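Have a look at the structure below before the remarks.
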Amino acid sequence: MTRTLITGGLVVTAAEEVLADVLIENGTVVALALPGRHQWSAERVFDADGKYVIPGGVDAHTHMELPFGATVASDTFETGTRAAAWGGTTTIVDFAVQPKGTSLRAGLDAWHAKADGRCAIDYGLHMIMSDVNESTLREMPGLIGEGVTSFKLFMAYPGVFYSDDGQILRAMQQAADTGALIMMHAENGPAIDVLVEQALARGERDPRYHGEVRKALLEAEATHRAIQLARVAGSPLYVVHVSAREALAELAAARDLGLPVFGETCPQYLFLSTDNLAEPDFEGAKYVCSTPLRPKDHQEALWRGLRTDDLQVVSTDHCPFCFKGQKELGRGDFSKIPNGLPGVENRMDLLHQAVVDGHLTRRRWIEIACAAPARMFGLYPRKGTIAPGADADVVIYDPHATHTLSAATHHMNVDYSAYEGRTVTGRVETVLSRGEVVLDRGHYLGRPGHGAFLPRSTCQYL
Ligand code: URP
Ligand code: ZN
Ligand code: ZN
């Protein structure tokens with residue numbers, strides 16, 4: 001039996017803040033006690049005096065190795081999960097993709113093959129359905145049985161991932177029958193494609209036009225439609241990467257009616273804006289993602305939504321493309337810029353900065369970054385908290401250390417940082433994944449293959 005003891009830290013969970021010693025045996029948290037009350041013996045002791053002891057982050061939205069247009073997201077499961085660990089995230093839920101014309105099975109097997117034996121931290125999988133038909137609908141219960149309990153649909157990207165309203169309704173009906181959670185990319189893709197064509201015809205080719213054609217109202221309209229379709233089907237709904245305050249208002253109205261509708265936003269929408277998309281010399285391409293960054297004045301609504309629980313989760317939508325050779329594919333035509341931003345390494349620190357800045361309380365930080373994503377996607381209390389019986393995915397966090405985010409020092413396999421030069425207060429000191437030390441005071445001690453696939457139960461908010 002291996003015993004690890006973390007002494008004297010402030011244990012912060014979504015529910016409590018308590019000074020406590022934490023005892024870990026064989027990868028599981030077994031006890032919390034008042035500091036020094038028990039003279040536990042342990043092979044490894046970490047002194048967390050003056051530090052926070054928090055659950056490892058749960059990032060429920062990543063895209064390692066995602067094929068997008070003419071290219072593929074630049075983090076592999078090996079590099080991306082290592083970077084996640086550097087940033088205090090110990091669980092990711094990535095999106096397996098069903099390429100059009102194939103089965104869910106084929107897409108899921110392909111994703112297992114990419115991830116198996118390569119991850120530094122534990123991982124689950126959602127399933128992107130790009131072809132909703134009789135056969136793929138029939139496959140859904142089998143996947144749920146294997147622990148893939150959430151399915152992403154797209155109202156955007158006609159011809160690629162897009163599902164029409166009839167397909168969405170059918171998938172939602174199947175979700176209502178089986179307990180699955182439908183995750184929705186809510187943007188009106190056909191309308192956006194018209195605006196893209198018109199913008200290009202006018203010679204509007206720079207990255208900033210990506211933000212202009214993907215209008216907030218088209219996010220809000222799709223969000224409203226997704227909610228009504230879910231009501232008709234009697235299914236729950238989780239809207240991913242919410243960026244527009246008008247879309248958030250649709251979620252808030254639905255939740256006020258007591259509907260099982262949930263929403264996620266991402267650090268890029270909280271910390272970045274259309275000002276970044278408008279950076280000159282094609283630098284704006286670094287910030288092209290969908291839904292797009294919005295004008296700064298949307299941020300306050302998102303922070304408020306996080307405080308009022310109209311938004312429950314902050315995930316990264318980590319989908320990195322290098323500036324050189326990848327983002328550059330869209331020079332002269334913003335519609336060819338691969339969509340996505342890096343961020344899996346930055347989320348816990350940026351959200352802690354939000355605590356420092358007064359947007360969130362410490363417990364809400366842990367709730368939106370650890371506990372709620374774990375509950376939303378059927379991983380709680382194994383992940384997302386520190387309590388007897390939980391996996392010992394534990395981070396010792398120094399709330400006073402400052403550091404500057406930069407591509408020169410980050411560990412994501414991408415040649416730029418969306419937060420280049422931003423100094424944040426708070427830093428990961430030690431990371432344990434199921435009791436194994438992955439990171440300690442700047443030394444990476446993890447290994448590919450430590451991370452295991454996590455079969456998930458269905459959504460625990462229902
Ligand atoms: O721009 C983004 N978000 N890229 C990843 C794919 C998606 O829609 O989540
Ligand atoms: Zn999406
Ligand atoms: Zn995504």
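With the condition kept exactly as written, say whether any residue in the stretch 180-198 is closer than 19 Å to G330 by Cβ and outside any helix (DSSP H, G or I).
So far as the stretch 180-198 goes, yes, one or more of its residues are closer than 19 Å to G330 by Cβ and outside any helix (DSSP H, G or I).
So, in the stretch 389-418, of the ones that are of a type outside the set (A, V, I, L, M) and part of a strand (DSSP E or B), which residue ends up nearest to T90 (Cα to Cα)?
D391
With the requirement that a residue be of a type in the set (A, V, I, L, M) and under 15 Å from the mean Cα position of the chain (by Cα), what does the stretch 74-98 give you?
Residues satisfying the conditions are A83, A84, A85, I92, V93, A96.
Just to be sure before I move on: is A83 in contact (Cβ under 8 Å) with a residue 12 or more places away in the chain, out of contact with any strand residue (DSSP E or B) (no Cβ under 7 Å at 6 or more places or on another chain) and within 16 Å of ligand 3 (Cβ to nearest atom) in the structure I sent?
no
So that you can scan it fast, the table gives a plain yes or no per residue for (1) more than 27 Å from V11 (Cβ to Cβ); (2) touching an Asp or Glu at 6+ places or on another chain (Cβ under 9 Å):
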{"site": "V314", "(1), (2)": "no, yes"}
{"site": "E328", "(1), (2)": "yes, no"}
{"site": "V344", "(1), (2)": "no, yes"}
{"site": "V355", "(1), (2)": "no, no"}
{"site": "R362", "(1), (2)": "no, yes"}
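Taking E300 as the residue in question, decide whether it is part of a helix (DSSP H, G or I) and without any contact (Cβ under 8 Å) to a residue 60 or more places away in the chain.
yes
Just to be sure I understand the filter: pairs with C-beta atoms under 6 Å, separated by 6 or more residues or on different chains, first member in the stretch 309-325 and within 18 Å of S290 (Cα to Cα) and open to solvent by 10 Å² or more (accessible area, probe 1.4 Å), second member at pLDDT 95 or above and within 14 Å of ligand 1 (Cβ to nearest atom). Which pairs pass?
D317/H61; D317/H241; D317/C266; C322/S74; C322/V414; F323/K286
Looking for something out of contact with any strand residue (DSSP E or B) (no Cβ under 9 Å at 6 or more places or on another chain) and at negative phi - is there at least one such residue anywhere in the stretch 19-38? Write out each step before concluding.
Applying the first criterion (out of contact with any strand residue (DSSP E or B) (no Cβ under 9 Å at 6 or more places or on another chain)) to the stretch 19-38 yields none.
No, the conditions are met nowhere in the stretch 19-38.
Filter the stretch 221-263 down to the residues that are of a type in the set (V, I, T) and within 16 Å of ligand 2 (Cβ to nearest atom), then identify the one that is farthest from G179 (Cα to Cα).
Per the stated criteria, the residue is V242.
Taking the residues in the stretch 255-275 that are in a helix (DSSP H, G or I) and either in contact (Cβ under 8 Å) with a residue 24 or more places away in the chain or within 16 Å of ligand 1 (Cβ to nearest atom) (or both) as candidates, determine which candidate is surrounded by the fewest Cβ atoms within 10 Å (Cβ to Cβ).
In the first step, residues of the stretch 255-275 are kept if they are in a helix (DSSP H, G or I); the result is 255-256, 267-271, 274-275.
Next, from what is left, pick out any that are either in contact (Cβ under 8 Å) with a residue 24 or more places away in the chain or within 16 Å of ligand 1 (Cβ to nearest atom) (or both): 255, 267-271, 274.
Numbers: R255: 20, P267: 25, Q268: 26, Y269: 22, L270: 21, F271: 20, T274: 18.
Ranking the candidates gives T274 first.
Looking only at the stretch 92-109, decide whether some residue is acidic (D, E), more than 16 Å from ligand 1 (Cβ to nearest atom) and in a strand (DSSP E or B). Show your work before the answer.
Pass one, the stretch 92-109, residues acidic (D, E): 94, 109.
Next, only the ones that are more than 16 Å from ligand 1 (Cβ to nearest atom) stay: 109.
From the residues that got through so far, the ones that are in a strand (DSSP E or B) too are none.
Within the stretch 92-109 (the criterion being acidic (D, E), more than 16 Å from ligand 1 (Cβ to nearest atom) and in a strand (DSSP E or B)), the answer is no, since none of the residues qualifies.
Would you check if G378 is part of a loop (DSSP other than H, G, I, E, B), over 20 Å from the mean Cα position of the chain (by Cα) and not aromatic (F, W, Y)?
no
Identify, from the list L462, L432, L439, the residue that is surrounded by fewer than 20 Cβ atoms within 10 Å (Cβ to Cβ) and either among the hydrophobic types (A, V, I, L, M, F, W, C) or not in a strand (DSSP E or B) (or both).
L462
Which residues, counting only those in the stretch 276-297, are open to solvent by 10 Å² or more (accessible area, probe 1.4 Å) and under 18 Å from S315 (Cβ atoms)?
Result: Y287, R294.
State which residue is most open to solvent (accessible area, probe 1.4 Å) when the search covers only the stretch 48-82 and only residues that are in a strand (DSSP E or B) and of a type outside the set (V, I, T).
P67
Just to be sure I understand, how many residues within the stretch 83-106 are of a type outside the set (D, E) and open to solvent by less than 10 Å² (accessible area, probe 1.4 Å)?
Looking only at that region, the number is 14.
Take the conditions among the acidic types (D, E), under 19 Å from L351 (Cα atoms) and surrounded by 22 or more Cβ atoms within 10 Å (Cβ to Cβ) and apply them to E250. Does it pass?
Numbers: among the acidic types (D, E): yes; under 19 Å from L351 (Cα atoms): no; surrounded by 22 or more Cβ atoms within 10 Å (Cβ to Cβ): yes.
When the stated conditions are applied, E250 does not pass them.
Collect the residues in the stretch 222-242 that are out of contact with any strand residue (DSSP E or B) (no Cβ under 7 Å at 6 or more places or on another chain) and not aliphatic (A, V, I, L, M), keeping them in residue-number order.
H224, R225, Q228, R231, G234
Could you tell me how many of the residues in the stretch 145-175 are of a type in the set (A, V, I, L, M), within 16 Å of ligand 1 (Cβ to nearest atom), closer than 16 Å to S103 by Cα and in contact with a strand residue (DSSP E or B) (Cβ under 7 Å, 6 or more places away or on another chain)? Full working, then the answer.
Taking the stretch 145-175 and keeping what is of a type in the set (A, V, I, L, M), we get 148, 153, 155-156, 160, 168-169, 171-172, 175.
Imposing the further condition that a residue be within 16 Å of ligand 1 (Cβ to nearest atom) reduces the set to 153, 155-156, 160, 168.
Subsequent filtering for residues that are closer than 16 Å to S103 by Cα retains 153, 160.
Pick out the ones that are also in contact with a strand residue (DSSP E or B) (Cβ under 7 Å, 6 or more places away or on another chain) and you get 153.
Qualifying residue count, the stretch 145-175: 1.
Does G166 count as assigned to a helix (DSSP H, G or I), away from ligand 3 (no atom under 16 Å from the Cβ) and closer than 30 Å to E250 by Cα?
yes
Filter the stretch 387-411 for residues that are in contact (Cβ under 8 Å) with a residue 60 or more places away in the chain, among the hydrophobic types (A, V, I, L, M, F, W, C) and open to solvent by 10 Å² or more (accessible area, probe 1.4 Å) and give the result.
Within the stretch 387-411, A387 is the sole residue that qualifies.
Only one residue in D177, D116, D109 is closer than 30 Å to A220 by Cα, acidic (D, E) and surrounded by fewer than 24 Cβ atoms within 10 Å (Cβ to Cβ). Which one?
D177
Among the residues of the stretch 200-207, is any part of a helix (DSSP H, G or I), modelled with pLDDT of 95 or more, in contact with a helix residue (DSSP H, G or I) (Cβ under 9 Å, 6 or more places away or on another chain) and within 16 Å of ligand 1 (Cβ to nearest atom)?
In the first step, residues of the stretch 200-207 are kept if they are part of a helix (DSSP H, G or I); the result is 200-201.
Subsequent filtering for residues that are modelled with pLDDT of 95 or more retains 200-201.
Retained after the next criterion (residues that are in contact with a helix residue (DSSP H, G or I) (Cβ under 9 Å, 6 or more places away or on another chain)): 200.
Pick out the ones that are also within 16 Å of ligand 1 (Cβ to nearest atom) and you get none.
The answer is no, given that none of the residues of the stretch 200-207 is part of a helix (DSSP H, G or I), modelled with pLDDT of 95 or more, in contact with a helix residue (DSSP H, G or I) (Cβ under 9 Å, 6 or more places away or on another chain) and within 16 Å of ligand 1 (Cβ to nearest atom).
The values are calculated or read from the model by the stated rules, or taken from the named source; none is laboratory data. A quick note: this is a predicted structure, and the numbers were derived from the prediction, not measured. Ideal geometry is used to build each Cβ from the backbone, glycine not excepted, and the neighbour counts take in all protein chains shown. Surface areas here come from the heavy atoms of the whole protein model, side chains and all, with no ligands, DNA or RNA. Shrake-Rupley method; radii C 1.70, N 1.55, O 1.52, S 1.80 Å.
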